[in-house]
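First comes the structure, then the notes that go with it.
The values are calculated or read from the model by the stated rules, or taken from the named source; none is laboratory data. The structure displayed is predicted, hence computed values, not measured ones. Because the Cβ atoms are built from the backbone with ideal geometry, glycine has one as well, and the counts that use them run over all protein chains shown. When the accessible area is computed, the model is the full protein with side chains, heavy atoms only, and any ligands, DNA or RNA have been set aside. Shrake-Rupley method; radii C 1.70, N 1.55, O 1.52, S 1.80 Å.
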Amino acid sequence: MVDVKMGDCWSKTKDQFDNLEKHTQWGIEFVERYNKFVKDRTDIEISYAKQLRNLSKKYQPKKNSKEEEEQRYTSCQAFLAVLNEMNDYAGQHEVIAENMSGLIFAELSRYIQELKQERKLHFQEGRRAQQHIESCWKQLEASKRRFERDCKEAERAQLHFEKMDNDLNVTKADVEKARQQAQTRHQMASDSKGEYSSVLQNFNKEQHEHYYTHIPNIFRKIQDLDERRIVKIGESMKTFSEVDRQVIPIIGKCLDGITKAAESVDEKHDTQLVVEAFKSGFEQPGDVEFEDFSQPMKRTVSESSLSNSRSDGKQESKSGKSKGKLWPFIKKNKGSGPEDFSHLPPEQRRKKLQQKIDEINKEIQKESDQRDGLTKMKDVYIKNPQMGRPESVDPRLAEIEQTIEKLRQESSKFEAWLAEVEGRLPTRTEQPRRPSEMPELPSAAVNNCAQDRESSPDGSYTEEQNQDPQLKVAAQSEFDDEFDDEEVLAAIGTCKAMYAFEGQNEGTIAMAEGETLSVIEEDKGDGWTRVRRNEDEEGYVPTSYVEVYLDRNTKGAMTYI
């Protein structure tokens with residue numbers, strides 16, 4: 001009966017361990033599943049933040065493009081502010097991903113490993129306790145069976161002794177032997193009884209400790225482990241919420257920034273910018289007066305009428321100014337237009353020319369900075385020959401000088417057009433001012449034919465076709481007389497070209513490297529020297545491109561580069 005009860009108890013205990021083992025394993029798997037959910041949420045936040053940043057970057061205005069020019073409008077500025085706020089908004093999702101990864105995923109991953117290790121130790125301890133009590137029970141069973149066997153052996157020995165003692169045919173020696181055998185068996189039974197009693201006492205003690213101390217302690221540890229697992233899941237879920245909650249104020253500020261950007265849109269300001277950007281500069285046409293064809297008299301035309309504008313344009317062309325444009329009725333030129341932007345209205349043309357001059361000046365400054373750097377490098381090489389050869393820098397310096405010269409010629413050309421638009425075309429005694437320090441062509445070399453050009457309806461400059469031939473002849477004779485009055489200058493020295501010069505602008509003269517020319521007018525401080533070739537070809541060349549040798553009887557012995 002005891003055996004059955006004990007077997008049932010051990011079986012039930014074993015079943016409980018199996019159930020607890022399955023439950024705790026499920027608990028760990030649940031934590032791992034939740035941790036996988038956090039990892040997937042982190043990946044989503046990272047991907048979302050990356051997509052938001054790419055979206056913001058995609059719609060950012062491109063540098064040196066029309067989009068960058070559009071940033072002066074408040075609506076475009078507001079959109080740029082929205083893109084910046086969206087970039088910050090993406091940053092907050094990156095913060096969410098970082099906090100979830102560090103505060104939840106990494107923490108739970110570490111905790112799961114600790115949980116598995118602790119669970120393993122608890123069930124190992126439970127199995128050892130179960131094995132120990134089973135070992136004690138087996139020891140008790142063996143002691144009991146030995147006691148039972150010894151008792152039976154003692155009883156059989158006693159019966160054999162009594163039988164031998166009652167048998168008259170048996171010798172005393174045999175009886176004595178049987179009696180000693182019985183006593184030995186009784187002693188063995190007595191010893192087995194004592195051992196069995198001791199083992200039984202020890203087993204009962206071990207069994208009591210097993211069921212009232214060891215197993216409850218192990219179960220409590222497993223229960224505590226599972227409860228801590230449940231608490232950890234709850235704390236992680238709370239952290240999951242707090243991670244989002246912490247960035248809500250900053251996300252709110254981003255949304256407030258978007259709202260503020262939207263409220264900063266000013267339609268009046270933007271439309272005024274459009275007016276300033278596209279105003280033509282033309283005067284409004286006046287009223288057209290009534291022409292009475294019923295009267296036999298010369299028809300008069302209002303000075304402000306459109307037909308009068310045509311005749312006035314002819315008069316203006318005689319004085320060297322371009323015709324007035326009837327801009328409301330002119331078909332705009334298609335395509336990029338001429339280089340001097342003559343297809344544009346005056347105000348737009350002025351802005352384009354000024355923009356082009358600024359771009360050229362930036363390029364000149366860039367090249368000048370490179371030249372200064374190379375000059376310093378050359379000085380270093382001169383002082384420290386071991387670092388490099390000074391002459392190795394000269395080709396690059398010459399190349400930069402040529403580039404700068406070409407840019408300066410370009411700038412001079414556009415400045416002349418700008419001066420024409422602004423009504424201040426430079427004369428022979430007045431040189432156009434430059435925004436940066438650079439040599440400019442003398443006033444005599446400025447292209448005078450710009451005064452005789454006019455803007456045709458298709459946007460290009462053409463010569464006056466309907467001008468009076470007599471006026472043309474008079475203008476030509478005045479032009480020729482202006483140069484006939486000029487005396488032929490005598491040579492004051494010679495110069496040798498250090499570099500080739502193309503001389504594309506009117507008033508300049510081309511020269512080849514190493515060519516020798518006559519100097520008829522030295523540099524006046526504008527960076528140009530007037531030279532002559534073969535007594536019939538004159539022009540200006542950059543002073544920095546030549547070595548000048550003046551005659552002693554003019555300026556004394558003098559050489560400058």
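Per-structure values
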read-out	value
Test for GLY335: is it under 42 Å from the mean Cα position of the chain (by Cα) and either modelled with pLDDT under 50 or of a type outside the set (Phe, Trp, Tyr) (or both)	yes
Single residue of the range 489-513 satisfying the filter (under 17 Å from LEU407 (Cα atoms) and among the charged types (D, E, K, R)) that is surrounded by the most Cβ atoms within 10 Å (Cβ to Cβ)	GLU506
Unique residue being open to solvent by 50 Å² or more (accessible area, probe 1.4 Å), modelled with pLDDT of 90 or more and farther than 30 Å from ILE218 by Cα when the list is ASN84, ASN99	ASN84
Test set (1) of a type in the set (Phe, Trp, Tyr); (2) touching a residue at least 40 places away in the same chain (Cβ under 8 Å); (3) open to solvent by less than 50 Å² (accessible area, probe 1.4 Å) - PHE161 fails condition number	(2)
Failed item, numbered, when VAL38 is tested on (1) more than 22 Å from the chain's Cα centre (by Cα); (2) not in a helix (DSSP H, G or I)	(2)
Residue under evaluation ILE44, criteria (1) at pLDDT below 95; (2) open to solvent by 70 Å² or more (accessible area, probe 1.4 Å); (3) assigned to a helix (DSSP H, G or I); (4) farther than 26 Å from ILE230 by Cβ, criterion not met	(1)
Among the candidates ARG128, ARG179, ARG110, residue that is among the charged types (D, E, K, R) and surrounded by 14 or more Cβ atoms within 10 Å (Cβ to Cβ)	ARG179
Matching residues in the range 372-390 - criterion: being in a helix (DSSP H, G or I), basic (Lys, Arg) and over 21 Å from ILE404 (Cα atoms)	LYS383
Residues that are within 28 Å of ILE133 (Cβ to Cβ) and either of a type in the set (A, V, I, L, M, F, W, C) or open to solvent by less than 60 Å² (accessible area, probe 1.4 Å) (or both), drawn from the range 214-272	ILE215, PRO216, ASN217, ILE218, PHE219, ILE222, LEU225, ASP226
Members of the range 203-213 that are without any contact (Cβ under 8 Å) to a residue 40 or more places away in the chain and farther than 11 Å from ALA129 by Cβ	ASN204, LYS205, HIS208, TYR212
Selection status of LEU425, at pLDDT 85 or above and either more than 16 Å from VAL541 (Cα to Cα) or under 41 Å from the mean Cα position of the chain (by Cα) (or both)	no
Matching residues in the range 514-537 - criterion: being within 57 Å of the chain's Cα centre (by Cα) and not in a strand (DSSP E or B)	GLY514, GLU515, GLU522, ASP523, LYS524, GLY525, ASP526, GLY527
Options SER135, SER192: the member that is surrounded by fewer than 19 Cβ atoms within 10 Å (Cβ to Cβ), more than 58 Å from the chain's Cα centre (by Cα) and among the small types (Gly, Ala, Ser)	SER135
Residue check for SER192: out of contact with any Cys (no Cβ under 8 Å at 6 or more places or on another chain), hydroxyl-bearing (Ser, Thr, Tyr), assigned to a helix (DSSP H, G or I) and more than 30 Å from ILE28 (Cα to Cα)	no
Matching option when the condition is modelled with pLDDT of 75 or more, closer than 30 Å to GLU399 by Cα, among the hydroxyl-bearing types (Ser, Thr, Tyr) and in a strand (DSSP E or B), among TYR540, TYR499	TYR540
Residue match in the range 372-389 (condition: polar (S, T, N, Q), within 37 Å of the chain's Cα centre (by Cα), over 22 Å from VAL541 (Cα atoms) and open to solvent by 30 Å² or more (accessible area, probe 1.4 Å))	yes
